[in-house]
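The values are calculated or read from the model by the stated rules, or taken from the named source; none is laboratory data. Model, not experiment: these values are computed from the prediction. Cβ sites come from the backbone with ideal geometry, for glycine too, and all protein chains shown count toward neighbours. Ligands, DNA and RNA are stripped out before the accessible areas are found, and what is left, the full protein with its side chains, is counted by its heavy atoms. Shrake-Rupley method; radii C 1.70, N 1.55, O 1.52, S 1.80 Å.
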Amino acid sequence: MLPLSEQTKELSMIETDNDEQFYRDTESVAFPKLNDRQLALLAPLGESRILRRGSLLYSAGQRDLGLTVVIRGELEAFETRDGSELILATPGPRDFVGDVSMLTGNSTLVSVRGKADETEVLVIGASEFRRALSELPGLGEIIVSALMMRRKRLQRDREFAGFRIVALPGSPDGHQIDDFLDKNHILHRLIDFESDEGRELSNRLNINRRDLPVLIQSNGFPLRRPSIREVAQVAGLLRPLAQNGETEILCDLAIVGAGPAGLAAAVYAASEGLKTVVLESYAPGGQAGSSSLIENFFGFPTGISGGDLTNRAQLQAYRFGAKFTTPSQALSLKFRDGDHGAELHIEGCNATLRAKCVLISTGAEYNRIEAEGRESFEGRGVYYAATAMESKLCRNATVIVAGGGNSAGQAAMFLSETAQKVLLVIRGDNLNKSMSSYLSRRVETTDNIEILRNTEIRKMTGAKHLETVELENAQTGEHRVVQSCAVFSMIGAKPCTKWLPPEIERDEKDFIKTGPAIVDAPAWKDSKRKPTPLETSRPGIFAAGDVRSGSVKRCGAAVGEGGMAIEGIHQALGTYS
């Protein structure tokens, strides 16, 4: 076996070769040339503009940008970092400029300027651009594919920085910002404050330990000890729903929660012309978004990560005109006597969101492990998702996954690729009761996964980070202490329904009742119609996905319910529109 240094060198060479092949293979998709017909379709949507050499088209940090097409001359896309510039692309005639931030309206990560003495461009505004994507499907497919591929290329570019987080190793605050940006698909890097790069940045930007964590924005400005809302604002995720002092925001459909059900509903609603607003409290995808690999989702024979699946769904909804804002927590749901629809009060928003219909798709969250010391290690050894970010923390270590469902099985399989050993802790004695058979067989036959049946976690200890975990076999009473740096909790789930008013009826476990279960609710007694299958005890208010009583806790089922809810919403809107 090669020494570790030689293994690392060999792996780096392989990755470099793979990157070069990737760039060659994706060149035509990422940078297509528009033909005469395509240019003619876009020309009426924009305005001509002349740029001189060095004149900025836009700067990093700007948001809500549309599409820019080069008519003649040449542009230069670049990233400014620590006083130097990284040239990313030089678009010429028939090229268009941008990446997925043009779809989402998020802050752009690069700047663009004129390179030729004189460059003529066609500038298409954000609203006109999104309309073109839905009304010109042939052209829209080419543009969206290119924008997505460019983002993938930036992700693989080792020189590209994007947002940078400077934090102490194992810092919970630094991990939270890292986790938030990662789950919202914002390009960034986490830099150790005590590393050479961290010290150089800190000296140049006058960053002290008391300032940590620090977010260095794409324009180079540091944001010291930012809240998640501040991070979301500079990234362009937190959208201002109200404008010009508005006190009310009106929409056809408000979707609360951007898990698989909410995202599916957003795609169908927006594509069918409904004015749609999506409120997400942390990041799109819900529990599915944190799954490392979903192998039983229809249409993906080799599987797809939950993050990729839900990110594609969100981009699809953006393409049809749905509006997202993150993090936006719905604090209350109110109704007006004699009036249809509802009012939503949103955290940090001075205006009231009034919606003709509301879809509640807030899902469910994993229960906390009842173990001594667990609170001390939240974000420092106790996690509720197993993604590539968490797997880096577990390389060549022993990790523990608690839970017997598909999410726990997927996490165990994913972590087994990098961890030395994975202990799968389940309270029962039969893995097949709650896990798909294909997955349970795979878990049981993986060499470095050990299944501990009838076992619970009793205690967690460590200094700054999790170091040891005490386990107990409930049948034998045997205790076992394991050296472990990470516990992944995926045990049970409780619905996110505490914010709802009593008018929305729930079952004994607090999941929302729908359809036949609420036909006798007071609000339906004098109604001229019957509730649709996903409608709640209040007409015009719907529930879909894991938050709904009786739902099948599978990603595909949630997607189906999200689409099915839109049919009921159309019926409701037709009844009292």
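A few notes on this one:
- Filter result for the condition that a residue is on the phi > 0 side of the Ramachandran plot, surrounded by fewer than 17 Cβ atoms within 10 Å (Cβ to Cβ), without any contact (Cβ under 8 Å) to a residue 40 or more places away in the chain and over 29 Å from the mean Cα position of the chain (by Cα), over Gly92, Gly83: Gly83
- Residues of segment 486-499 satisfying the condition of being under 20 Å from Gly373 (Cβ atoms) and either in contact with a His (Cβ under 7 Å, 6 or more places away or on another chain) or among the aromatic types (Phe, Trp, Tyr) (or both): Phe488
- Taken as a whole, the structure leaves Gly170 outside the set of residues that are in contact with a strand residue (DSSP E or B) (Cβ under 9 Å, 6 or more places away or on another chain) and of a type outside the set (A, V, I, L, M, F, W, C).
- Conditions (1) in contact (Cβ under 8 Å) with a residue 40 or more places away in the chain; (2) hydrophobic (A, V, I, L, M, F, W, C); (3) open to solvent by 40 Å² or more (accessible area, probe 1.4 Å); (4) over 17 Å from Ala77 (Cβ atoms): number failed by Leu39: (3)
- Taking segment 434-449 as the range and being touching a residue at least 60 places away in the same chain (Cβ under 8 Å) and part of a helix (DSSP H, G or I) as the test, the residues that pass are Tyr438, Leu439.
- Test result for Arg336, open to solvent by 30 Å² or more (accessible area, probe 1.4 Å) and within 20 Å of the chain's Cα centre (by Cα): no
- For beta carbons closer than 6 Å, sequence separation of 6+ or different chains, a first residue in segment 401-419 that is within 13 Å of Asn448 (Cα to Cα) and among the hydroxyl-bearing types (Ser, Thr, Tyr) and a second that is modelled with pLDDT of 95 or more and open to solvent by less than 10 Å² (accessible area, probe 1.4 Å), the qualifying pairs are Ser416/Val422.
- Where His345 falls short, out of the listed (1) in contact (Cβ under 8 Å) with a residue 60 or more places away in the chain; (2) open to solvent by 10 Å² or more (accessible area, probe 1.4 Å); (3) within 23 Å of Cys496 (Cα to Cα); (4) of a type outside the set (S, T, N, Q): (1)
- Looking at segment 115-221, the strands (runs of 3 or more DSSP E) lying wholly inside it that each contain 1 or more residues that are under 22 Å from Glu280 (Cβ atoms) sit at 163-167, 188-192, 214-216.
- Tally, over segment 425-465, of residues that are over 19 Å from Glu370 (Cβ atoms), aliphatic (A, V, I, L, M), out of contact with any helix residue (DSSP H, G or I) (no Cβ under 6 Å at 6 or more places or on another chain) and surrounded by 14 or more Cβ atoms within 10 Å (Cβ to Cβ): 1
- Failed condition for Thr108, given (1) under 22 Å from the mean Cα position of the chain (by Cα); (2) open to solvent by 40 Å² or more (accessible area, probe 1.4 Å); (3) among the hydroxyl-bearing types (Ser, Thr, Tyr): (2)
- Any hit, segment 75-96, residues being out of contact with any helix residue (DSSP H, G or I) (no Cβ under 6 Å at 6 or more places or on another chain), among the aromatic types (Phe, Trp, Tyr) and more than 23 Å from Phe320 (Cα to Cα): yes
- Considering residues of segment 466-514 that are of a type in the set (S, T, N, Q) and open to solvent by 40 Å² or more (accessible area, probe 1.4 Å) only, the residue modelled with the highest pLDDT: Gln483
- Hits in segment 471-514 (condition: farther than 30 Å from Ser416 by Cα and over 27 Å from the mean Cα position of the chain (by Cα)): Pro501, Pro502, Glu503, Ile504, Glu505, Arg506, Asp507, Glu508, Lys509, Lys513, Thr514
- Of all the criteria given as (1) touching a helix residue (DSSP H, G or I) at 6+ places or on another chain (Cβ under 6 Å); (2) of a type in the set (Ser, Thr, Tyr); (3) surrounded by fewer than 24 Cβ atoms within 10 Å (Cβ to Cβ), the one not satisfied by Ser291 is (3).
- Residues of segment 236-258 satisfying the condition of being out of contact with any strand residue (DSSP E or B) (no Cβ under 9 Å at 6 or more places or on another chain) and crowded, with 24+ Cβ neighbours inside 10 Å: none
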